[in-house]
Structures are given as C-alpha cells and as structure tokens.
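Below is one structure; the comments refer to it alone.
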Amino acid sequence: MEDIPDDMWSPFKHLYRVIEQTVINPNESAISSLEVCLKRHKQVFVNLLRNPPKNEANRSQLRACATQGVPFSGNSRAFPVSTELIEESIIISDMFDLDEFLALELLCTAQHQMVHYPGLPRGLVAVLLYYDGRKAVANSIRDLFQITSGVSWVPESPKKLVQLVSLFSQNLVEDSNILDRIIDLLNELDIVKEN
C-alpha cells in the first residue's frame, strides 16, 4: 500500500484515480483495489466536503514548532519549521476553517508540486490543490452514483462492480444521509464568496 500524505489533496486525488481506473478497466484486481479504497475513505463521503476545523491547541502547538520543530512519523528527530511556513499554515487554516496541521501538510505538498505551477507562490499552489482535492471528491461521488444501479436503470459495468458500488452508495444514502448533505452544499454555495 502506498504512503499517501494526509493533506486535503493527495488522498482525494488517489481515491478518484482508483475509481477512474476501475471504471476504465474493471478487472478483478481493480475492483478489489476499489473495495479497499472505498472502505478506507468512507469517512470522506460521510463527511462530504467538511474540513477538520481549526483548533487553538493545534495552533499553539504549530507556533511552538518554530523553536521545537515538527516530529515526523518513524523519525526520532524533530525538523524545524520556518516562521514563514507556520504563518502561511495559519492563513490557510483561517481561509478554509481547516486544522492547522492539515494546512501545514497541504503547504508542504504544495512546495513539492510547485514545479508543475511555475511562477506561482507556495500559498497559491496550496489553494489550488485544496480546490482540486474537493473537485476530486465531487467527481468521485458523481462517478460512484453513475455506477450505482437504480430503479429504472442498470449500468453497463460488470455485475461485481455494480454490486460493490451500489451497496456502498446505498449505505451512504441510508447511514449518512448524503443526499441531504449534497443539497445543503448546493444551498450553501456562494459563487461570490468562492471568487
């Protein structure tokens, strides 16, 4: 299993890539990978487009990282974080009501992705990645519902894939009321605010 950072972009892009590859080539291996991926990311759909909120304790801890550093998993050393990166993380956290450490992860990913966005600063790349991740989640849910069998239609996908996705989608509708969440998101959408 590949190591995917928890940064509000990478896991969502991975999820969408798995769904897309399974739809294109629905072999046994792809369907099995999709099943694992859907189980791992179920909370992404249950909490559709909800961010882990900013947190004063994490903000204080993040500010302390300027002097104490950030410990990375599997490593006993703590790596120092620049004050500039900490301040950018807090700005991103405030913009999206996002946990400060997730904002830091997003900025670190943006730093690595800057090669694909020549001339853009890290903060702007982080914003682009954030919205690209949300788009990947929206596309994922759309594609899953298109594979789901309905009252008057049956997708042309293999039966095993349709059964897997239909069961997953049905559970989302029944257990997490995802359809109401989608309607709420549409009602909350403010194009002026998003610009």
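The values are calculated or read from the model by the stated rules, or taken from the named source; none is laboratory data. Please read all numbers here as calculations on a predicted model, not as lab measurements. All Cβ positions, even for glycine, are placed from backbone atoms using ideal geometry, and neighbour counts span all protein chains on display. Quick note on the areas: whole protein, heavy atoms, side chains included, nothing else; ligands and nucleic acids left out. Shrake-Rupley method; radii C 1.70, N 1.55, O 1.52, S 1.80 Å.
Below is a table of values for the structure above.
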item	result
Pick from the stretch 12-27, criterion in a helix (DSSP H, G or I) and free of Cβ contacts under 8 Å to residues at least 60 places away in the same chain, ranking: nearest to residue 93 (Cα to Cα)	14
Failed item in (1) surrounded by 15 or more Cβ atoms within 10 Å (Cβ to Cβ); (2) over 19 Å from residue 9 (Cβ atoms); (3) modelled with pLDDT of 95 or more, with residue 55 passing the rest	(3)
Single condition residue 120 does not satisfy, out of (1) in a helix (DSSP H, G or I); (2) surrounded by 13 or more Cβ atoms within 10 Å (Cβ to Cβ)	(1)
Any hit, the stretch 8-30, residues being open to solvent by 100 Å² or more (accessible area, probe 1.4 Å), within 16 Å of the chain's Cα centre (by Cα) and at pLDDT below 95	no
Single residue of the stretch 81-98 satisfying the filter (closer than 14 Å to residue 65 by Cβ and not in a helix (DSSP H, G or I)) that is nearest to the chain's Cα centre (by Cα)	81
Residue match in the stretch 124-146 (condition: loosely packed, with under 15 Cβ neighbours inside 10 Å and within 18 Å of residue 87 (Cβ to Cβ))	yes
Among the residues listed as 164, 107, the single one being open to solvent by less than 30 Å² (accessible area, probe 1.4 Å) and either at negative phi or not in a helix (DSSP H, G or I) (or both)	107
Residue that is surrounded by the most Cβ atoms within 10 Å (Cβ to Cβ), among those in the stretch 147-161 that are over 12 Å from residue 19 (Cα atoms) and among the aliphatic types (A, V, I, L, M)	154
Residue check for residue 103: at pLDDT 95 or above, over 30 Å from residue 158 (Cβ atoms) and out of contact with any Cys (no Cβ under 6 Å at 6 or more places or on another chain)	yes
